[in-house]
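**Student:** Supplied in structure tokens, the structure appears directly below.
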Amino acid sequence: MNSVLKALALKSPGDMARLGVILALFGLILFGALRYENFLSQYNILSFLRYNSMFALIALGMAFVIMTGGIDLSVGGTAAMASVVAALLSPYHWAAGLFGGIAAGLAVGALNGFTVTVMRIQPFIATLATMLAAYGTGLLLAGNQSVSVSYDSGFTAIGQDDFLGFPIPAWIALLVYVAGWLVLERLPVGRHVLAIGDGEATAALMGLKVRRTLAAVYVGSGALAGLAGVILASQFGAGQPTEGVGWELFAIASVVVGGTLLTGGSGSVGATLAGALLLAMVFNILNFENGLGWISLSAYWQSVIRGGFLLIVVVLQARLMSRRTGEERV
Amino acid sequence: ELPKLAQKETYKVGFAQTESNNPWRIAQTNSMKAEAEKLGHQLVYTDAAGSAAKQVADVNSMIAQGVDLIFLAPREEKPLIPAVMAAKKAGIPVILLDRSVDPSLAKAGEDYVTFIGSDFIEEGKRIAEWLVKNANGKSKIIELEGTTGSSPANDRKKGFDETIKAAGGFEIVASQSGDFARDKGRQVAEALLQAHPDADIVYAHNDEMAIGAIAAIEAAGKVPGKDVLVLSIDGGKEAVQAVIDGKIAAVVECNPRFGPKAFETMLRYAKGEKIDPMVINEDKFYDSSNAAAELANAY
Amino acid sequence: MTTIETQATAGTVPSGKRFFTLAGRYGTVAAFLALILFNVVFTPNFLSLQTLNVNLTQVATIVIVAIGMTLVIATGGIDLSVGSLMAIGGALAPMIFMGTLFPVSSMPVAVALAFVLPVVATGLLGLFNGLLVTRFAIQPIIATLVLFIAGRGIAQVMTNGNLQVFRNEGFQFIALGRVAGIPAQVILMIAIAAIAWAGIRYTVFGRQVIAVGGNEKAARLTGIPVHRVKLLVYMISGALAGVAGLIVVARNSASDANLVGLGMELDAIAAVAVGGTLLTGGRANIVGTVIGALVIQLVRYTLLANGVPDAAALIVKAALILLAVFIQQRAGKS
Amino acid sequence: MLLSMQGICKSFNGIPALRSASLEVGEAEVMALVGQNGAGKSTLIKILTGAYRRDEGAIVFAGEDVSFSMPAESQARGIATIYQEINLAPQRSVAENIYLSREPRRFGLIDRAAMREGAAAVLRAFNLEIDVDQPVAGFSAATRQMVAIARAVTQKARLVIMDEPTSSLDEREVGILFDTIRTLKRGGVSVVFIGHRLEELYRVCDRVTIMRDGKTVTTAAMADMPKLALVRHMLGKELAAFEAIAKDADEGAQRPVRLSVRNAGAGVRVRDVSLTVREGEISGLAGLLGSGRTETANLIFGADRLQRGEIRYNGEARAYRQPADAIADGIGLVAEDRKVDGIIPDMSIRENMTLALLPKLARAGIVDRARQDEIVERYITALAIKCTSPDQPIKELSGGNQQKVLLGRWLCTDPKLLIVDEPTRGIDIGAKSEILRLLRRLADEGLGVLMISSELEELLAAADRVTVLSDGTSVAVLPRKKLSEAALFAAMAHQVE
Ligand SMILES: Nc1ncnc2c1ncn2[C@@H]1O[C@H](COP(=O)(O)OP(=O)(O)OP(=O)(O)O)[C@@H](O)[C@H]1O
Ligand SMILES: Nc1ncnc2c1ncn2[C@@H]1O[C@H](COP(=O)(O)OP(=O)(O)OP(=O)(O)O)[C@@H](O)[C@H]1O
Ligand SMILES: [Mg+2]
Ligand SMILES: [Mg+2]
């Protein structure tokens, strides 16, 4: 066992947890494929990817924030507000909707960056406040109701069309993840993000530009939430000021299930994606389970099962991590 | 055009529910489940937990599972269009329940079979019309809105406010959201009654908030029904009982018992009958004149 | 040991620093007084006993939950499950005295049980949170996220999602009763706050809570039973959430598992933060938390009473939270 | 003149830490900076690098007025700093830590191979063969210190500042460091060297600047400043000679054994350790870095679990599962790394000092404040802790004073066995002999002391007997009579070759 792990170059406890989540994802897919017909149908796979690309995007932004030891609770509100902005701008040009939405997210991210690095308010509280503000702004802009996007400017293609047989949102998420991997693993700033998560004061003494890097990470998270909002508006044909509730918790859970510690200083882009897909898969499986007709699960049981699943995953993760650290010590 | 529904003994039907965090939704779900069970259909039930986006994903997973027909209780008018269109493309007929989708983007008889439901604007209008007739000199209104941004809140406000304005002589002194919840409704009512002691009418967008408001009125040392008229929408048993007790002045029913009508419509469609673009679920109206008699029938 | 930010602020603008020191020490209090002044001037009918009554009864549940939260946060944790635990506590109580759970022979006994059992149950669920945090070394946000998601589901499954409507004078005394003219829930709130305040200040347990949050490793090496302290803290938080759940359902004569305590975790955390307890642990300011909760309540009341639309109210609330925490923090540092 | 700092003032919360301090460093000069704990050395350095902002004063570096607002700026201008608390990112690898903020790049991407090879090469020059891909957290304090030094010297700086770089190094490593300093000097680089071990200063420094109470007292050529004069300047008074306070172990041979460890082992760091501590003696534990001393202490204290062998306390077999058990038996441990294992930064001196005693200070769970105050006052006076009040947060104290508070934490529990791991690390020479004398006095009253130290001088002066560890194994026990620097070296080098 040990030599196998060595061969896989699994050095840190985090690596082990990351391997765990990927195995769990495949396990769940296998379970679904064997248990339900049509689970691996093209239709299910593509609509799954189209829908969950939004969550994958916010999870990536969240992963970077968490790697610095912070947290971003505002992503759901930001996405909702950005979807409204995108919808309002979509009649002018599809690009106006796209970039307008991203810019809206960016603005919230910048506000987060400001409150965290300049006002020095703890990320949890700072982003909790901006979450409220983002929802408020979205509702005000939208006049308390969904805003229809323009179907003429080509804006809906972003969320609804395919490219080379794959949904465009899935392409976007894929590209963003590749970029995210590059930033984290191959660019100095990625290393700086991790070092800051290891200890802000230390990082500053080592000559890192802590504030600038932190601000950039929050802006990035905001921009990705904005992008998710654009996809939301485009895919469902409306800017939705009340959407996005609980997205932040989904994203945080994805990151953690992906083996990233909330204390910062470590993290993986690939495992975050696996974590997001794993959690999303649970919804999909529950829907199929209902369709099987054996048991008609009520919505309440669904949340109990989801909570239970999260419990199992994180307990296993924690076991893996501690077993591995144990070995390290011995 | 519209996908056809083959005639079969029993069907595998999907029911995409919006949420189940209030008694009304629960009654609706139970009604659907009970009727499906009675008729022997297999019901694929999903709950979107208040998210229009998730509801679309739910419908997609029903399509992937190959259901025969989908009952959709759309959370919102616009964002559910993609779900309706996807089902149509997959050859699965859709029947909308209790809320409709944007008529400029999808049409009954073309994109979906029909819309069975209630008209939220109409509900607001009906309660307002009753008030105009029965105000007895009362005129200052506190409005407890539903969840900000939700369509029943928007529509019940619209129907009510417009009718009241047209009638003249009334003033809405405060209008705030109580989230369709009893506790929140009570807290908001407490604050508003305190700030506007002259208010003598409370219009709540649902029963839960109305009952919360009654507690607030009593706590403020006033008598509901005498000092302050309480108006509500939904018409559940507890509210109808309150009408009998004189605490709620009037309530418009918004009937959640969709099951029978929904499955009846489905079978008629399968037989090839022509279905009207809109099937109205009959809503009652309760005030002191009929509440006692109707209590047994309230949901 | 070296906090860079300290230095950045210290010694730049002495007069500004003094302002922040003052504003911070009395900042939350000042904000509170400013809010009251604003209301006296602008809010119709503000100066009345009933206003006080409304605000105190409404803030009671936030305060009670926020005190548990303060303790958890002092150990460097966080408890997202409080809202769901409120729902469970609130769902259990009526099931007990209405006899849904087991037959009731004597009402007084049933009512007594309806007070005790739900609180014990939520306390045990809090203990479960604590176990996840200690034995399984799961990070608090995630550990309590499990019950945040599943807990409400459990309450809904127990009640099948249905509303439980009841009338029970004995049980509802906790929310409707008055002692010497003061609402029972307000007395309960004050009592819990006072015990927590004294506990943090004067007891070994209180000091250990702070030490665990300040440096867990060092705390263990001085013989502090770190795990036990944490377990207890999560248990207290759970039990207090249960108490708050009882108050809410008693007040409404109805228990709605879907909505009781919804969003309470955010209110409680905001109260703690506005009250000046850092989320990083190692501190617990109970008085601050109480005032923080009062500020949040008063902001809510002010916005409602002055007819600020909901959407705009969200933005105002956000700005006020940021401002309050900012002033607190600046002062805490200099 | 490369650097000139004049009239630097700095207050924390209105309490002055620096009152008009100055420091001048010439080109290619090694400047010693000395002073008692809390004299303001580290603060002066942090003001120079931009970690702190000064209240008053002027800094000229390389001919220009400068005012750095963050360390990144001073680093960019050619000032490399090793801070007193080793500042590395614990979860990042050794290589990344060495190159953080100036990673070698190719096409804008990090050149990982170059980084790895470069890091390995510098460390090899330091005689350190380690896997540079491992996170630094797994390495000993000494290795981390060497990594920090490597990071500083590879920065191609004009001025390298070292704040107590040798406090966790052994003799051999100190030698390597001093060679490095000489090489730097030959290359025209200047060095500011802060340290408490005076003889080290005489080995490498050209000049010395002495600080006292936030002021610069004097600056002189090292050669012109005899040790006694230096200490007099530091303390502002004469120092009683550093007398030998150890006793002959034979004298106490009949005393009851307080602690006996037989063939104890756990994991790979502690393989086979045997040692004895008698009532009323100071038993030393020596060894090279990484020889397993700290881990042995943790094992005895119950912070780690014993896997092999046995530990007897007062004759009874013990296997503590957690420190609380050991504490209940009357054992205390002053940990090696006070930042990580010792202080609760935000708590006051009072709280920090009485933390271990708390349960005993309480009746029905409520702390007896009067007794608490009395005890804290007593130890603040006894240990000469420099603070504004017992309510001051411990994080505001200088390193040495923090150490004294931690010592007080255990002394006030009235322990029967006290394990002190590097008890005088970072403590100035005045306080150092105070602490040793205090330990001796307590031993005379019956306390058993197990003293881990990397300073041979200290062991020679204070220990009644020394057990030597090498590679997790106890290789020798040297009684007082046979104790000498040479003997210790010989034993420590055993198996290490
Ligand atoms: N961040 C801080 N906040 C408050 N006071 C501080 C802070 N840092 C240092 N001080 C105070 O400034 C004075 C000088 O401390 P400094 O760390 O510079 O001493 P030092 O000479 O480096 O001592 P040592 O040899 O013990 O490291 C001390 O009295 C200390 O308490
Ligand atoms: N070569 C090494 N590689 C990795 N980790 C090491 C190495 N040497 C020591 N360590 C770690 O450093 C810590 C201290 O080491 P140990 O207790 O063995 O040394 P020590 O004799 O007490 O030396 P020190 O003077 O550093 O206290 C331990 O936690 C150990 O895991
Ligand atoms: Mg120092
Ligand atoms: Mg050691």
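The values are calculated or read from the model by the stated rules, or taken from the named source; none is laboratory data. Because the structure is a prediction, the values reported are computed rather than measured. Methodologically, a virtual Cβ is constructed for each residue, glycine included, from the backbone with ideal geometry; neighbour enumeration extends over all protein chains shown. Note: accessible area is taken over every heavy atom of the protein model, side chains too, but ligands, DNA and RNA are not part of it. Shrake-Rupley method; radii C 1.70, N 1.55, O 1.52, S 1.80 Å.
**Student:** Just to verify a result, which residue in the range C:119-133, among those that are crowded, with 19+ Cβ neighbours inside 10 Å and β-branched (Val, Ile, Thr), is nearest to the other protein chains (Cβ to nearest Cβ)?
**Tutor:** C:133
**Student:** Moving to a separate point now. Go through the range D:440-471 residue by residue and tally those that are within 16 Å of ligand 4 (Cβ to nearest atom) and over 22 Å from residue D:425 (Cβ atoms).
**Tutor:** Total meeting the criteria: 1.
**Student:** Determine which single condition residue D:387 fails, assuming it passes every other condition in (1) at the interface with another protein chain (Cβ under 10 Å from one of its Cβ atoms); (2) within 16 Å of ligand 1 (Cβ to nearest atom).
**Tutor:** Exception for residue D:387: condition (1).
**Student:** Just for helices (runs of 4 or more DSSP H) wholly inside the range A:46-148: which have at least 2 residues that are more than 14 Å from chain C (Cβ to nearest Cβ) and at negative phi?
**Tutor:** A:75-89, A:94-113
**Student:** Here's something else I'd like to know. Which of the residues spanning the range C:150-165 are assigned to a strand (DSSP E or B) and not β-branched (Val, Ile, Thr)?
**Tutor:** C:164
**Student:** Quick check: is even one residue across the range A:103-120 polar (S, T, N, Q), open to solvent by 30 Å² or more (accessible area, probe 1.4 Å) and out of contact with any Pro (no Cβ under 8 Å at 6 or more places or on another chain)?
**Tutor:** The answer is no; no qualifying residue exists.
**Student:** Still on this model: Any chance the range A:257-264 includes a residue that's of a type outside the set (Phe, Trp, Tyr), in a helix (DSSP H, G or I) and touching a Gly at 6+ places or on another chain (Cβ under 8 Å)?
**Tutor:** Yes, the range A:257-264 has at least one match.
**Student:** Let me ask something additional. Tell me, which strands (runs of 3 or more DSSP E) lie completely within the range D:141-228 with 3 or more residues that are open to solvent by 10 Å² or more (accessible area, probe 1.4 Å)?
**Tutor:** In the range D:141-228, D:215-221 are the strands (runs of 3 or more DSSP E) which contain 3 or more residues that are open to solvent by 10 Å² or more (accessible area, probe 1.4 Å).
**Student:** Inspect the range B:169-179 for any residue being open to solvent by 10 Å² or more (accessible area, probe 1.4 Å), under 27 Å from residue C:248 (Cβ atoms) and either touching a Lys or Arg at 6+ places or on another chain (Cβ under 8 Å) or free of Cβ contacts under 8 Å to residues at least 60 places away in the same chain (or both) and give the result as yes or no.
**Tutor:** yes
**Student:** Tell me whether the range D:323-345 contains one or more residues that are without any contact (Cβ under 8 Å) to a residue 24 or more places away in the chain, within 16 Å of ligand 4 (Cβ to nearest atom) and open to solvent by 10 Å² or more (accessible area, probe 1.4 Å).
**Tutor:** Yes: the range D:323-345 contains one or more residues that are without any contact (Cβ under 8 Å) to a residue 24 or more places away in the chain, within 16 Å of ligand 4 (Cβ to nearest atom) and open to solvent by 10 Å² or more (accessible area, probe 1.4 Å).
**Student:** Further question: What are the residues in the range C:109-129 that are within 18 Å of the chain's Cα centre (by Cα) and within 10 Å of residue C:96 (Cα to Cα), if any?
**Tutor:** C:118, the sole residue that qualifies.
**Student:** Tell me the residue from B:154, B:136 that is surrounded by fewer than 24 Cβ atoms within 10 Å (Cβ to Cβ) and in a loop (DSSP other than H, G, I, E, B), please.
**Tutor:** Within the list B:154, B:136, the selection yields B:136.
**Student:** Counting only residues that are within 13 Å of chain C (Cβ to nearest Cβ) and open to solvent by 10 Å² or more (accessible area, probe 1.4 Å), which one in the range D:14-45 is nearest to ligand 4 (Cβ to nearest atom)?
**Tutor:** This residue is D:42.
**Student:** Still on this structure: Only one of these conditions is not met by residue D:377: (1) in contact (Cβ under 8 Å) with a residue 24 or more places away in the chain; (2) within 21 Å of residue D:37 (Cα to Cα). Which number is it?
**Tutor:** All conditions are met except number (1).
**Student:** Test residue C:283 against the stated conditions and say whether it is open to solvent by 40 Å² or more (accessible area, probe 1.4 Å), modelled with pLDDT under 90 and assigned to a loop (DSSP other than H, G, I, E, B).
**Tutor:** yes
**Student:** Being part of a loop (DSSP other than H, G, I, E, B) and either within 10 Å of another protein chain (Cβ to nearest Cβ) or farther than 16 Å from residue B:97 by Cβ (or both): is that true of residue B:78 here?
**Tutor:** yes
Results for (1) assigned by the TED database to the domain that holds residue D:473; (2) more than 23 Å from the chain's Cα centre (by Cα); (3) open to solvent by less than 20 Å² (accessible area, probe 1.4 Å), shown as yes or no for each residue.
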residue: D:273; (1), (2), (3): yes, yes, yes
residue: D:278; (1), (2), (3): yes, yes, no
residue: D:291; (1), (2), (3): yes, no, yes
residue: D:295; (1), (2), (3): yes, no, no
residue: D:300; (1), (2), (3): yes, no, yes
residue: D:308; (1), (2), (3): yes, yes, no
residue: D:311; (1), (2), (3): yes, yes, yes
residue: D:316; (1), (2), (3): yes, yes, no
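**Student:** Also: Just one of C:236, C:247 is in contact (Cβ under 8 Å) with a residue 24 or more places away in the chain, closer than 13 Å to residue C:66 by Cα and either part of a helix (DSSP H, G or I) or of a type in the set (D, E, K, R) (or both); which is it?
**Tutor:** Just a single option satisfies the conditions, and that option is C:236.
**Student:** Tell me yes or no: at least one residue of the range B:83-106 is open to solvent by 10 Å² or more (accessible area, probe 1.4 Å) and within 22 Å of residue A:280 (Cβ to Cβ).
**Tutor:** yes
**Student:** Within the group D:139, D:68, which residue is within 16 Å of ligand 2 (Cβ to nearest atom), in contact with a helix residue (DSSP H, G or I) (Cβ under 8 Å, 6 or more places away or on another chain), in the same structural domain as residue D:231 (by the TED database) and of a type in the set (Phe, Trp, Tyr)?
**Tutor:** D:139
**Student:** What is the one condition in (1) touching a Phe, Trp or Tyr at 6+ places or on another chain (Cβ under 9 Å); (2) within 14 Å of chain A (Cβ to nearest Cβ) that residue B:104 does not satisfy?
**Tutor:** (1)
**Student:** Look through D:125, D:137, D:120, D:148 and report the one residue that is under 30 Å from residue A:182 (Cα atoms) and more than 19 Å from the chain's Cα centre (by Cα).
**Tutor:** D:120
**Student:** Count, please, the residues in the range C:81-107 that happen to be under 30 Å from residue C:207 (Cα atoms) and either surrounded by fewer than 24 Cβ atoms within 10 Å (Cβ to Cβ) or hydroxyl-bearing (Ser, Thr, Tyr) (or both).
**Tutor:** 2
**Student:** While we're looking at this one, here's another question. Report, ordered by the first and then the second residue, all pairs with beta carbons closer than 6 Å, sequence separation of six or more or different chains, a first member in the range D:36-61 that is under 24 Å from residue D:431 (Cβ atoms) and assigned to a helix (DSSP H, G or I), and a second member that is open to solvent by 20 Å² or more (accessible area, probe 1.4 Å) and away from ligand 2 (no atom under 16 Å from the Cβ).
**Tutor:** If the second residue must be open to solvent by 20 Å² or more (accessible area, probe 1.4 Å) and away from ligand 2 (no atom under 16 Å from the Cβ), the pairs left are D:42/D:84; D:43/D:17; D:46/D:52.
**Student:** Any residue that is β-branched (Val, Ile, Thr), within 14 Å of chain D (Cβ to nearest Cβ) and open to solvent by 70 Å² or more (accessible area, probe 1.4 Å) - is there at least one of those in the range C:182-200?
**Tutor:** Yes, the range C:182-200 contains at least one residue that is β-branched (Val, Ile, Thr), within 14 Å of chain D (Cβ to nearest Cβ) and open to solvent by 70 Å² or more (accessible area, probe 1.4 Å).
**Student:** Let me ask something additional. Run down C:206, C:245, C:213 and say which single residue is within 30 Å of residue D:345 (Cβ to Cβ), at pLDDT 90 or above, open to solvent by less than 20 Å² (accessible area, probe 1.4 Å) and touching a strand residue (DSSP E or B) at 6+ places or on another chain (Cβ under 9 Å).
**Tutor:** Result: C:206 is the single residue among C:206, C:245, C:213 that is within 30 Å of residue D:345 (Cβ to Cβ), at pLDDT 90 or above, open to solvent by less than 20 Å² (accessible area, probe 1.4 Å) and touching a strand residue (DSSP E or B) at 6+ places or on another chain (Cβ under 9 Å).
**Student:** All but one of (1) touching a residue at least 24 places away in the same chain (Cβ under 8 Å); (2) away from ligand 4 (no atom under 16 Å from the Cβ); (3) out of contact with any strand residue (DSSP E or B) (no Cβ under 9 Å at 6 or more places or on another chain) hold for residue D:105, so report the exception by its number.
**Tutor:** (1)
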